[in-house]
Every structure is written in structure tokens, then in C-alpha cells.
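The structure under discussion appears below in the form of C-alpha cells.
The values are calculated or read from the model by the stated rules, or taken from the named source; none is laboratory data. These figures come from a predicted structure and were not determined experimentally. Quick reminder, even Gly has a Cβ in these numbers, built from the backbone with ideal geometry, and neighbours come from all protein chains shown. Note: areas computed on protein heavy atoms with side chains; ligands, DNA, RNA excluded. Shrake-Rupley method; radii C 1.70, N 1.55, O 1.52, S 1.80 Å.
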Amino acid sequence: MNEFLAAGYKKDLVLAALEARKNAYAPYSKFAVGAALQTQSGRIYTGCNIESASYSPTICAERTAVFKAVSEGYKSFRSIAIIGGKMGEGGSICPPCGVCLQVLLEFCDPDTFEVLLSQEDFHTRSYLLSELIPEGFRPERIL
């Protein structure tokens, strides 16, 4: 058994991200992304990307998951799993965009929050948020 699959919560997160990816609405880019965000209490919120013909109202899977969780009162998170790729193809390593990284930085401790970038075969790369956005604009800089 692959080491990753032995880590229970990580497997659950990747499976949830894979499932969320099925709901992506990406008729223009044909690039479907799923994300699964885990709160500190263990609850998982999922999100998918949702495109618009005018592009700017498009939202990424990561922000969909964060906004769902925050809208229900959760603001403390442990990790997120992300999987994306062309529709009809297996999922692949898909790092968050800069806007999504900034939103994660708003709610997550960059030195402990884990970002799991996974493929459909469960090959996964793990990063701390601080590795992906080392000099992000942090809330404490303006408070």
C-alpha cells in the first residue's frame, strides 16, 4: 500500500477533491478542478471551479471551498487537497493560483497549513502554505 493511502485524513481529502471535481463547470477552458478543505475540527468542505462566459466572475475550486466554510462559520483550517486537469482526462498536479493562495493566507497559518497537490492515482505532493506564498500579504501587516 502506498504511504499516502495509509494517511487516513489525506486519503479522505483527496477522494473528496476528486468527487468535487466532477461538479466543475468549465465549458470554456475544459479544465476541471476539485478542492477539499479540512477545518481544524475535521469537517471537510469541497469546491469546484465555476466558469462564466465573461471570465472575470469565474471562481476557482479552492475559493469555493473556503467561502462555503467561512459562510458556515468556520475560519480555522488544517489542510486542503487539490486536483485538476483537462476534462475527460485523469487529474493532475494543479497548484493554486495567486488569488487562491492569498485567500488561504487570510484564514490559514502559513507555517502549519498543508496544501496537498494530488493526481488521480493518489501521487501527492505536500507543501506548507508558506512554501507556496512565502511573501504573501498577511492580515497582520495591516492590523
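Say whether the condition of being among the basic types (Lys, Arg), modelled with pLDDT of 95 or more and in contact with a helix residue (DSSP H, G or I) (Cβ under 7 Å, 6 or more places away or on another chain) is met by at least one residue in region 42-63.
yes
Please enumerate the residues belonging to region 41-51 that are farther than 11 Å from ILE80 by Cα and either of a type outside the set (Ser, Thr, Tyr) or surrounded by 12 or more Cβ atoms within 10 Å (Cβ to Cβ) (or both).
GLY42, ARG43, CYS48, ASN49, ILE50, GLU51
Check region 19-32 and report whether any residue there is under 16 Å from VAL115 (Cα atoms), at pLDDT 95 or above, open to solvent by less than 60 Å² (accessible area, probe 1.4 Å) and not in a loop (DSSP other than H, G, I, E, B).
Within region 19-32 (the criterion being under 16 Å from VAL115 (Cα atoms), at pLDDT 95 or above, open to solvent by less than 60 Å² (accessible area, probe 1.4 Å) and not in a loop (DSSP other than H, G, I, E, B)), the answer is no, since none of the residues qualifies.
Which of the residues spanning region 69-98 are open to solvent by 80 Å² or more (accessible area, probe 1.4 Å) and over 25 Å from PHE122 (Cα atoms)?
Scanning region 69-98 gives SER71, GLU72, LYS75.
For residues that are open to solvent by 50 Å² or more (accessible area, probe 1.4 Å) and either part of a helix (DSSP H, G or I) or farther than 20 Å from LYS10 by Cβ (or both), tally how many sit in region 99-131.
The qualifying residues number 5.
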